[in-house]
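The values are calculated or read from the model by the stated rules, or taken from the named source; none is laboratory data. Nothing here was measured: the structure is a model prediction, and the numbers come from that model. FYI the Cβ positions are ideal-geometry reconstructions off the backbone, even for glycines, and counts take in every protein chain you see. To get the accessible areas, we keep the full protein, side chains included, count just its heavy atoms, and leave off ligands, DNA and RNA. Shrake-Rupley method; radii C 1.70, N 1.55, O 1.52, S 1.80 Å.
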Amino acid sequence: AALYAARGNLTPLLLNNGIGALAKAEKIENYFGLDHPLSGHELIENGRKQVQDLGGTLLQDEVVGISWNGNYLVSTASTQIEARAIILTTGTSRKTLKIKNLAKLEGHGVSYCAVCDAFLYRGESVAVLGNGEYALHEVQELLPVVGSVTLLTNGLEPSVDFPPKVTIIQTPVLELTGTDALEAVCLEDGTQLHPACLFMALGTAKGSDLARKLGIRLEDERIIVNEQMDLPGVFAAGDCIGGILQVSVAVGEGAKAALSCIKYLRS
């Protein structure tokens, strides 16, 4: 996507954090035009060099939120970046968090967007599930609005420093209870907590998390796009939109999303 955007005379900033599924591939042989097998890491590095040679910029940082102020404002762990368009190519998580009743209570006391929903719980006690930069971002959005915040790390050590007023509990979460709305967060040691809302921010923000913050429609964690890979002012491609999870498919979708983005900005 960045490659086509650069060739379309845009100025793409390619943001990524860590290693995705492709970088773990030992040998790729089913990609058009390769005269010998490449590792996923080699293929990625070749692509990054192409983007840089065309004037694109690469930045390794963790995206923790996206908001709108007339342009898109992308918040990372270390800075904020303003952009006229966004192309989400975040891949998909191969692992899901297995907490009983989590999916059932989404939107009914379980939230994925502090900036969207903090006001609904002003003055109340809430919990955040997470342990890193993404969780810290959500905590910072909540603290000025809600009454108190409890951080649940689900058995992990906090990887960043959280404000002193945040209560930190490392005991793993066993299940959520509630019929029509969240009633309790049950921990593995038998403790029950009763937050007004549980905000999910475990690990790093996935494409689906960022889509939720923008109010974009999801189905089974897949970002829904039209034939132009177009959302309302945002674009998406690759494994984050579902389908056949292959690099050849993702490359084609990235090209289509970038061409649609070019057309959108020129108009």
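Some points to look at:
- Looking at Ser75, Ser67, Ser125, just one residue is in contact with a strand residue (DSSP E or B) (Cβ under 7 Å, 6 or more places away or on another chain) and modelled with pLDDT of 95 or more, and that residue is Ser125.
- All positions within segment 61-100 that are surrounded by fewer than 16 Cβ atoms within 10 Å (Cβ to Cβ) and touching a Gly at 6+ places or on another chain (Cβ under 7 Å): none
- Residue within segment 170-187 that is touching a His at 6+ places or on another chain (Cβ under 7 Å) and either among the β-branched types (Val, Ile, Thr) or not in a loop (DSSP other than H, G, I, E, B) (or both) present: yes
- Val64 falls short on exactly one of the conditions (1) closer than 25 Å to Gly8 by Cβ; (2) touching a His at 6+ places or on another chain (Cβ under 9 Å); (3) of a type in the set (A, V, I, L, M, F, W, C), and that condition is (1).
- None of Gly155, Gly178, Gly147 is exposed (fewer than 14 other Cβ atoms within 10 Å of the Cβ) and at positive phi except Gly155.
- Filtered residue count, segment 29-50, keeping only those that are over 23 Å from the mean Cα position of the chain (by Cα) and in contact (Cβ under 8 Å) with a residue 24 or more places away in the chain: 5
- Filter pass, Asn46 being in a helix (DSSP H, G or I) and either of a type in the set (Gly, Ala, Ser) or exposed (fewer than 13 other Cβ atoms within 10 Å of the Cβ) (or both): yes
- Segment 1-28 - residue that is over 22 Å from the mean Cα position of the chain (by Cα) and modelled with pLDDT of 80 or more and, of those, nearest to Gln80 (Cα to Cα): Thr11
- All of Leu198, Leu193 fail the test of being within 16 Å of Tyr112 (Cβ to Cβ) and either modelled with pLDDT of 75 or more or of a type outside the set (Lys, Arg) (or both), apart from Leu198.
- Filter pass, Asp53 being loosely packed, with under 14 Cβ neighbours inside 10 Å, among the acidic types (Asp, Glu) and without any contact (Cβ under 8 Å) to a residue 60 or more places away in the chain: yes
- Positions within segment 204-219 being of a type in the set (A, V, I, L, M, F, W, C) and within 9 Å of the chain's Cα centre (by Cα), in sequence order: Ala205, Leu210, Ala211
- Contacts under 8 angstrom Cβ, first residue in segment 9-28 being under 20 Å from Thr76 (Cβ atoms), partner open to solvent by 50 Å² or more (accessible area, probe 1.4 Å) and in a loop (DSSP other than H, G, I, E, B), 6 or more apart: Thr11/Gly55; Asn17/Thr204; Gly18/Thr204
- Of all residues in segment 198-224, those being within 24 Å of Ala181 (Cα to Cα), without any contact (Cβ under 8 Å) to a residue 24 or more places away in the chain and either of a type in the set (Asp, Glu) or touching a strand residue (DSSP E or B) at 6+ places or on another chain (Cβ under 7 Å) (or both) number 3.
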